[in-house]
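First the structure, in the form of structure tokens, and then the observations on it.
The values are calculated or read from the model by the stated rules, or taken from the named source; none is laboratory data. Just so it is clear, the structure is predicted and the values come from calculations on it, not from any experiment. Cβ placement follows ideal geometry from the backbone for every residue including glycine, while neighbour counts extend to all protein chains displayed. SASA here: full protein model, heavy atoms, side chains in, ligands and nucleic acids out. Shrake-Rupley method; radii C 1.70, N 1.55, O 1.52, S 1.80 Å.
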Amino acid sequence: MSRPTNLERVTIPGAWLRTAAGAGLVGPDGSVGATIFAEMSALAARTGAINLGQGFPDTDGPPEVLEAARQAIADGVNQYPPGRGMPVLREAIARHQQRFYGLAVDPDTDVLVTAGATEALAATLLALVEPGDEVLTFEPYYDSYAAIVALAGARLVTVPLEWPAFAPDPDRIRAAFSARTRLVLVNDPHNPTGSVLDRGTRELIVELATRHDALIVTDEVYEHLRFGTPHEPIATLPGAAERTITISSGGKTFSTTGWKIGWLHARADLVTAILSVKQFLTYVNGAPFQPAIAVGLDLPDAFYARIAADLGAGRDILIAGLRRAGLTVSVPEGSYFVVADAAPLGATDAAAFCRDLATTAGVVGIPVSAFTATPGAYAGLVRFAFCKRPDVLREAAGRLSSLSA
Ligand SMILES: *Cc1c(COP(=O)(O)O)cnc(C)c1O
């Protein structure tokens, strides 16, 4: 049998192929399918539909932050920053955690700046998880989770978040823990569902993680995008800080998703272990953006109140349009996203519904099945992003309303 020698076909190295195929991320032949995200964006571009599929904002962040980056470039902050991140940013992260959450974090030993929350998650799992370990998370989940867990050679164990409240069942959380549970990965506020964990659930996670001696990794990139009560990191709960790696990022808070400035904080020895991996992933990134994000983290409370209020207003515009269109909506308490059920319109396959919606309504969303390995459970559900300008959301809502006309 001849080996394939077609140089036009891109193949994936063996180790990654085996793990990624095991996680269903690539085909058994190494083919990487066009993701539903790319497909829906292309569809929006082709049809002129409003793209509420991808979760990035269509306005710039605070001018002070943008100006600080321009100034840093002009000032020559253009070479490799220190491996742990620039002190000015690590100190701002520590001040931010103290100001909003009362968390005492040592900027010299407990903080690591990363290439977005994505690298923080990757370096943390690769550093702290062994092949054969179990990593517990809620499903649906952010799409990089399954890939990183596969790369670490671990097994993903999930607890479902079910329509419409997307609140996990405590008994299912208890049942998901085992002697092999190494780490619990908690995204709060949650993408794609927009749900937030109540205090009882957060306490249960800490209790079970302590009993099983598991670590807790939190993904809090939407920490400031809350529409009701303020965010409370799991690390603030009694007994949690010593086993929790808290991860966040400037991308969502400051509308700078392209800058990829993220961070984590944890016990000093955990940070050192994670740094040992991170130094061989990106080493460092984004020198002039680091002092700029530091400026953002020190912005007054009024800034933080405004971004949440503006986003909340966008949420309400879009929800009204979805309801007028005849969809049922799970009202999100945080994040950029709202999940709607298209079943009342007769949809049984959200991906097919999304393809139709581009032409019937001129709006594009993403089927929630893109965020799960058990698509059947989320058959009619669609995620729409509302991190867009009010006029764009009003136009989208108007177009959606015409569906029921
Ligand atoms: C956007 C997002 C990330 C990625 O953050 P970056 O800082 O851009 O790497 C991670 N987790 C969730 C849940 C997200 O929505």
When the accessible area of the range 120-176 is computed with all protein chains present and a 1.4 Å probe, what percentage of it is carbon and sulfur? 52 percent
What longest region of the chain stays clear of GluC sites (Glu not before Pro) that DSSP places outside H, G, I, E and B and that have at most 15 other Cβ atoms within 10 Å? 163-405
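Could you tell me what a quarter of the Cα convex hull surface of the range 134-289 works out to, in nm² with one decimal place?
9.6 nm²
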Extension gain (nm, one decimal) between Thr360 and Arg95, 0.36 nm per residue minus Cα-Cα: 90.5 nm
Distance (nanometres) between label positions extended 7 Å along Cα→Cβ at Arg174 and Ala104: 3.5 nm
What accessible area per residue, rounded to a whole number of Å², is obtained for the range 312-405 using a probe radius of 1.4 Å? 36 Å²
So, counting K/R as plus one and D/E as minus one, what does the shell of residues with Cβ under 12 Å around Pro291 add up to? -3
Solvent-accessible area of Asp60, probe 1.4 Å, all protein chains present, reported in Å² to the nearest ten, please. 120 Å²
For the pair Arg306 and Arg389, the simple spin-label estimate (label points 7 Å beyond Cα toward Cβ) gives in nm 1.7 nm
Per residue, how much accessible area does the range 183-297 have with a 1.4 Å probe, in Å²? 31 Å²
Of the DSSP beta bridges with both residues in the chain, give the percent that are antiparallel, rounding to the nearest 5. 50 percent
Dimensionless Rg over Rh [the range 88-198; C-alpha; Kirkwood]: 1.01
Rounded to whole Å², per residue accessible area for the range 61-119 with a 1.4 Å probe reads 47 Å²
Hey, could you grab the Kirkwood Rh for the chain? Inverse mean 1/r over distinct alpha carbon pairs, Å, one decimal. 22.0 Å
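Where the accessible area of the range 196-328 is counted over protein heavy atoms with a 1.4 Å probe, how much of it, in %, is carbon and sulfur?
Ligands and nucleic acids excluded, carbon and sulfur give 56 percent.
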Indicate the gyration tensor shape class of the range 210-277 (rounded, prolate or oblate), computed on the Cα atoms with a ≥ b ≥ c the square roots of the eigenvalues: a/c under 1.5 is rounded; otherwise a/b larger than b/c is prolate and the rest oblate. oblate
Extended-chain gain in nm, criterion 0.36 nm per residue less alpha-carbon gap, Glu64 and Ser276: 73.0 nm
In units of 2.2 N^0.38 Å, what is the alpha-carbon radius of gyration of the range 286-405? 1.24
